[in-house]
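Sending over a structure as structure tokens; questions will come in a sec.
The values are calculated or read from the model by the stated rules, or taken from the named source; none is laboratory data. All values derive from a computational prediction rather than experimental measurement. Positions of Cβ are backbone-derived with ideal geometry, glycine not excepted, and every protein chain shown enters the neighbour counts.
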Amino acid sequence: MDLILTFVTASWAVFGAMAPYLLLGFVVAGLLSVVISPEWIERHLGGNGLGQVFKASIFGVPLPLCSCGVIPVAASLRRHGASKGATTAFLLSTPQTGVDSIAVTYGLLGPFLAVVRPVAALVTGIFGGGLVQAFNGNGAAVSDSEEGASCTDACCDDERPKRSKMVEALHYGLVILPRDIGRALILGVAISGLIAAFVAPQALESYLGGGLWPMLAAMAIGIPLYVCATASTPIALGLIHAGLSPGAALVFLISGPATNTAALTTLWKVLGRRAAVLYLITVAVASLATGLAVLGGVPLGLGLATLTPWRQRASLGLILARS
């Protein structure tokens, strides 16, 4: 009974802590969805050059594209003349973060990781896109029949009746986006609660130790296990409570959302095998480098020092209390 109570209380505490930031992120995402359209992205990112890679990475960081939406948009970018490097950069930076996940990261993990996470997504996109641009060339744009990606999810449906910009923004931010990530988000909160209930604080630290090994373990879990950027945040909080270092948790936050079967399939068909391999190499290298940088001299007191007594605070309904 105590374990069940701890699970329920911890899960509710996590959800309560992230709820206001999540709502804010949803509203901002809705506004961005009507201000920045996929057609606008295509118009500005079509073409070749490292400048396009840089712009593709920047545009991808805040965009409120759902996990299904980034795939057809990236394939459409390629079809409309974007280089392989720019397309790869967009596929790398977009799923790692967004305005909603940035807000939730601030609420659960503090301002430091809320800044590091989008910066890591930007650098990852530039690095991966640059690699593809340098070693894979450009090639011909794909045709509709070769696109290899389509969107069947409701979040990518453009057949909705035309409404005012504000209604469209609220519909996307408060209906479509929560519907897309709702199940994954609930699962993430539940996993965080389960870790609090069944794993003693700092238990993983005694098994994995510190340094590189916990990061390799986090990457091994994150790369095959796709979880959206927002839903991965409470899981990372639970892992830190269980003793995983903030650097290793950051590896999970980067590698998990950045990789999924659909994105790799799109890369393989649209950009080729070499681009898909470079994509995976980029995720592995960038996530490990970011994790090591965090552990190697970053002042962890900015929002991370309060994570140690997480279980006790969660049991009281007080999570990540600000000092």
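From Gly30, Gly25, which residue is under 19 Å from the mean Cα position of the chain (by Cα), within 30 Å of Leu77 (Cβ to Cβ), assigned to a helix (DSSP H, G or I) and at pLDDT 75 or above?
Gly30
Only residues that are assigned to a helix (DSSP H, G or I) and within 12 Å of the chain's Cα centre (by Cα): list them for segment 208-235, please.
Gly222, Ala229, Thr230, Ala231, Ser232, Thr233
Within segment 235-259, take every residue that is of a type outside the set (A, V, I, L, M, F, W, C) and within 15 Å of Thr97 (Cβ to Cβ) and give me the one that is modelled with the highest pLDDT.
The residue in question is Ser255.
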